[in-house]
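Below is one structure; the comments refer to it alone.
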Amino acid sequence: MIGYKVVVLGAGGVGKSALTVRFIQDIFLENYDPTIEEAYRRTISVDGELTSLEVLDTAGAEQFTSLNEVYIKAGKGFVLVFSLTQEASLKEVDNLRKQIYRIKGGEQGSIPIVVVGTKLDLMNEREVHRNTIQTLAMRWNLPFYETSSKKNWHISEVFEDLVRRMRKRYPPEQAPARKRRSYCTIM
């Protein structure tokens, strides 16, 4: 079974932990508790193949953003999170996207990234319009998902899409056939 390290990045308070915990443990975190760093593991089946994910939920707080470079270097796939109720959080996603391409040395579309708008259930508080998302998705050549961790809307789709992208970018290497060795024993 192949394994990948996934890094969840975004501004503080956008719902990174709620998204991650909903995916890993299938529960909703009602109270906001700022994260410094949490690592989770889960095995999922995508297209009939098992994949082990190590999901790193990162801090969005300003004082910890210097750690982002370390996380990005270690990650194979990225979930960039913004809040549909906070248009300013999209700017942070754009900064993170650019930082990933700079650190990983890839061109646009070459690195497994999925962009996620959270808090879809808060329709009355929505600030980010669908046409803004569609424009950015085309410009960035990245998939966008609108989710609700509270209602469990579209959470698994985010990670399944990311797994497909990581498999394409980092295909499992064919293990060479093992040669039989003959041993000489001296008595």
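Here, each number is a calculation from the coordinates, and none is a lab measurement. The structure presented is a predicted model; accordingly, all values stated were derived computationally and were not measured. A quick note on method: Cβ atoms are made from the backbone with ideal geometry, for glycine too, and the neighbour counts reach across all protein chains shown.
Inside region 1-20, residues that are part of a helix (DSSP H, G or I), under 9 Å from Asp57 (Cα atoms) and of a type outside the set (Lys, Arg) make up a count of 2.
Looking only at residues that are surrounded by 11 or more Cβ atoms within 10 Å (Cβ to Cβ) and among the polar types (S, T, N, Q) in region 118-134, which one is nearest to Ser83 (Cα to Cα)? So that I can check it myself, show each step before the final result.
Taking region 118-134 and keeping what is surrounded by 11 or more Cβ atoms within 10 Å (Cβ to Cβ), we get 118-122, 125-130, 132-134.
Okay, now just the ones that are also among the polar types (S, T, N, Q), so 118, 132, 134.
Values: Thr118: 5, Thr132: 13, Gln134: 15 Å.
The selected residue is Thr118.
Would you please name the residue that is nearest to Gln99 (Cα to Cα), looking only at residues in region 1-30 that are among the aromatic types (Phe, Trp, Tyr) and buried (at least 18 other Cβ atoms within 10 Å of the Cβ)?
In the first step, residues of region 1-30 are kept if they are among the aromatic types (Phe, Trp, Tyr); the result is 4, 23, 28.
Okay, now just the ones that are also buried (at least 18 other Cβ atoms within 10 Å of the Cβ), so 4, 23.
Details: Tyr4: 20, Phe23: 25 Å.
Among those that are among the aromatic types (Phe, Trp, Tyr) and buried (at least 18 other Cβ atoms within 10 Å of the Cβ), it is Tyr4.
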